[in-house]
Amino acid sequence: MQFQQLQYFVAVAETRHFTRAAELVHVAQPSLSQQIRALERELGADLFLRARGNITLTDAGEALLPLARRILADADTARHEVQELVQLRSGRVRLGATPSVCTGLLPDVLRAFHDRYPGIRLLIEEGGSHDLVRELARGALDLALVVLPLPTPSPALTTVELLREDLVVVSSPEAEPPSRDGRRHVRISDLEGARLVMFRHGYDLRELTVAACRAEGFEPDFAVEGGEMDAVLGFVRAGLGVAVVPRMVATRSGRGLRVTALARPGLYRTIALAHRSDVAPPRAARELQRMLFER
């Protein structure tokens with residue numbers, strides 16, 4: 001009994017037509033009929049009652065059909081499992097992330113992933129959450145680390161909260177402390193009149209900081225604006241102003257910076273892992289997803 005013969009048998013059983021079954025499995029109809037005859041000879045029983053324009057299963061065919069389907073399904077499962085193992089030895093993961101997440105969260109996780117799966121290429125795209133959502137939707141990314149809430153929520157995406165991170169104020173050690181009376185914490189109101197180093201438009205941290213200042217009744221004053229994370233930190237080190245950044249970034253990049261916590265209730269941001277709802281991420285991407293949640 002050959003695997004291919006079982007495929008042909010199931011195709012005929014489901015279509016009840018030899019010609020349509022042959023088209024379904026992409027084989028010439030005479031070859032399919034010959035293989036079915038060979039299977040019947042090996043089993044010692046007819047599988048089909050062949051009347052002109054009417055193909056029905058015999059009792060032997062009815063008994064074989066569920067077994068054949070199970071054998072074919074098991075073969076598909078075996079093929080799928082092996083292919084997924086192969087995917088962890090080669091292939092790629094396309095991951096999008098905001099620049100601050102790339103700076104703070106990803107280096108250690110990506111290093112651990114690369115050590116475990118050195119054959120997987122990691123393709124990283126930096127961008128704001130709005131841009132990353134668009135790239136996910138068009139299939140250009142497997143996963144993305146985005147800031148919630150999304151600027152334009154999409155039912156086509158699945159998002160799972162990964163972490164909630166507090167924000168801090170960074171300043172140059174040579175500059176005046178951001179708190180006005182020497183406190184160890186900074187209130188948002190203390191930033192009124194302070195010169196801020198501000199991220200570019202579309203940057204999640206820009207929107208969050210500006211909204212917090214306006215909630216306290218003032219418009220922030222920008223000394224410099226338009227930079228990415230590395231540029232903002234460099235401008236702060238140079239004494240051009242202060243900036244509000246994630247604690248993880250400040251901890252990793254804190255050399256040459258004074259880091260001051262925000263007074264309660266403080267400011268937070270929520271990082272989520274997003275992927276398309278209609279397409280399961282590849283095995284390698286799912287493994288990176290698991291490592292991110294276990295970090």
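The values are calculated or read from the model by the stated rules, or taken from the named source; none is laboratory data. On a predicted model such as this, the values are computed, not experimentally measured, just so you know. Every residue, glycine among them, receives a Cβ derived from its backbone with ideal geometry; neighbour counts consider all protein chains shown. These area figures cover heavy atoms from the full protein model, side chains too; ligands, DNA and RNA do not enter into them. Shrake-Rupley method; radii C 1.70, N 1.55, O 1.52, S 1.80 Å.
Scanning the range 283-295 for residues that are open to solvent by 50 Å² or more (accessible area, probe 1.4 Å) and not aromatic (Phe, Trp, Tyr) returns Arg283, Arg286, Arg290, Glu294, Arg295.
Could you list all residues from the range 114-144 that are of a type outside the set (Phe, Trp, Tyr), open to solvent by less than 40 Å² (accessible area, probe 1.4 Å) and over 12 Å from the mean Cα position of the chain (by Cα)? Give the derivation first.
At the first step, the residues of the range 114-144 found to be of a type outside the set (Phe, Trp, Tyr) are 114-116, 118-144.
So of that shortlist, the ones also open to solvent by less than 40 Å² (accessible area, probe 1.4 Å) come out as 119-120, 127-129, 132-133, 135-136, 139-144.
Matches in the range 114-144: Gly119, Ile120, Gly127, Gly128, Ser129.
Checking each residue in the range 205-236 for being farther than 20 Å from Pro107 by Cβ, of a type outside the set (A, V, I, L, M, F, W, C), in contact (Cβ under 8 Å) with a residue 24 or more places away in the chain and part of a helix (DSSP H, G or I) picks out only Thr209. Scanning the range 208-226 for residues that are open to solvent by 10 Å² or more (accessible area, probe 1.4 Å), under 20 Å from Pro265 (Cβ atoms) and in contact with a strand residue (DSSP E or B) (Cβ under 9 Å, 6 or more places away or on another chain) turns up Leu208, Val210, Ala212, Pro220.
Considering the range 1-97, the qualifying strands (runs of 3 or more DSSP E), each wholly inside and each with 1 or more residues that are at positive phi and touching a Lys or Arg at 6+ places or on another chain (Cβ under 9 Å), run over 91-97. In summary, Glu161 fulfils each of the numbered conditions (1) of a type outside the set (Phe, Trp, Tyr); (2) within 15 Å of the chain's Cα centre (by Cα); (3) modelled with pLDDT of 90 or more; (4) not in a strand (DSSP E or B) with the single exception of condition (4).
Quick one: would you say Phe235 is farther than 13 Å from Leu262 by Cβ and surrounded by fewer than 16 Cβ atoms within 10 Å (Cβ to Cβ)? Here the answer is no, as Phe235 does not meet what is asked.
Quick check on the range 183-190. Is at least one of its residues open to solvent by less than 10 Å² (accessible area, probe 1.4 Å), out of contact with any Cys (no Cβ under 8 Å at 6 or more places or on another chain) and outside any loop (DSSP other than H, G, I, E, B)?
Residues of the range 183-190 open to solvent by less than 10 Å² (accessible area, probe 1.4 Å): 186.
Filter again for out of contact with any Cys (no Cβ under 8 Å at 6 or more places or on another chain), leaving 186.
Right, trim to outside any loop (DSSP other than H, G, I, E, B) and you get 186.
Checked against the condition, which is being open to solvent by less than 10 Å² (accessible area, probe 1.4 Å), out of contact with any Cys (no Cβ under 8 Å at 6 or more places or on another chain) and outside any loop (DSSP other than H, G, I, E, B), the range 183-190 yields at least one hit.
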